[in-house]
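Take a look at the structure set out below.
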Amino acid sequence: MPPDPDHPFDPEDIPYFFDNWCSLPWSPWVPFSATKEEFRQIPYEPGVYRIRPTGKDVLMYIGETRRSLHQRLHNLRMELRNRDLMPWSDPHTEAPALWSWSDAEHYAYECSAAPLDASASGRKGMESYLLYRYRQERGGSPLCTFGRFHPRYRKSTNRKEGFRGGKLAEGHKDNPAGWPGIEPLECVGKPGDRDWMGLEWTAWEPLDAETVRHVAAGAGLYLLADAVSLEILYIGHSADVAERLSGHSRKAWDDRMLQFSYQIIGQSVLPHVLRELENDLIGNFFETGQVIRAEQEEESTGLSVICRKAPEFQFRNSR
């Protein structure tokens, strides 16, 4: 949801502004307009980052990078310095959306970052978890995530395609990417339950060509799980769940037998809404974690440890 200009707030009362939010070592908030010396407060390691408009009670974007956080955010602020032209959508996918809100509302931005020593799957899992926690705490998504955009602007393409975005003409319909998102899912049940996150999941069925022919039409969410261990391996969304599951049924999946369950949301659903719902599921899966037994000197200590991770196949091809 957008910031409320009539609602006074104290940043020290907002959890997603804290320097230890979600138990990460966040840097101080540094303005995009900071000097080179001030900007050195942003860590040089890979990790996760958050962006907010100065004086507002919302986040605009939460992201992750395998490169230097300092270099990533420095390059982004350089992209946004041209006030006359919307940036391209590469290499910074969030740049056009940030520019559109800055152009429309005269926002100035600040950033904070946290180093994270993790694999690509671990970083992206943490990114999903942070977005999930933000949605739970705020009641909505950051304004520039999940493909969301200012309603009165069109987005730039990449440099190769060469179409520069900008403000829509008077009388032009709003950009659907600027339409409202959906409220966060209710945290009930556990991954794999028929009522997980307040949804009505279908019974588990084998992922094969014959079975997926009977999947109901429409847009929605789906789960893939190992048919033996029952562990959820992938969480997905699609504008056509039946077609997507049909494609998945033709994949090898490391020669493992899979089963699926799904939830149809509607016949036509905004893309950013589907992404919000999918992320709520991934974030809750990450939060719930896997309980493992801790061992010390080859003898069990009897302690249980939560190992937080994304589903095994969720970000397998990510860098």
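The values are calculated or read from the model by the stated rules, or taken from the named source; none is laboratory data. Remember, predicted model here, so these are calculated numbers, not experimental data. Glycine also receives a Cβ, built like all others from the backbone with ideal geometry; neighbour counts cover every protein chain displayed.
General observations
- Selection count where residues are acidic (D, E) and farther than 23 Å from P11 by Cα, scope segment 101-140: 2
- Residue within segment 153-166 that is closer than 30 Å to P311 by Cβ, in the same structural domain as P28 (by TED's automatic domain parsing) and not in a helix (DSSP H, G or I) present: yes
- Count of segment 254-285 residues, restricted to those that are farther than 20 Å from V215 by Cα and in contact (Cβ under 8 Å) with a residue 24 or more places away in the chain, is 14.
- Enumeration of residues in segment 23-39 that are under 25 Å from R319 (Cα atoms) and in contact with a strand residue (DSSP E or B) (Cβ under 9 Å, 6 or more places away or on another chain): L24, P25, W26, S27
- Verdict on N158 being at pLDDT 95 or above and more than 28 Å from S68 (Cα to Cα): no
- Boolean, L185 is surrounded by 19 or more Cβ atoms within 10 Å (Cβ to Cβ), in a loop (DSSP other than H, G, I, E, B) and not polar (S, T, N, Q): yes
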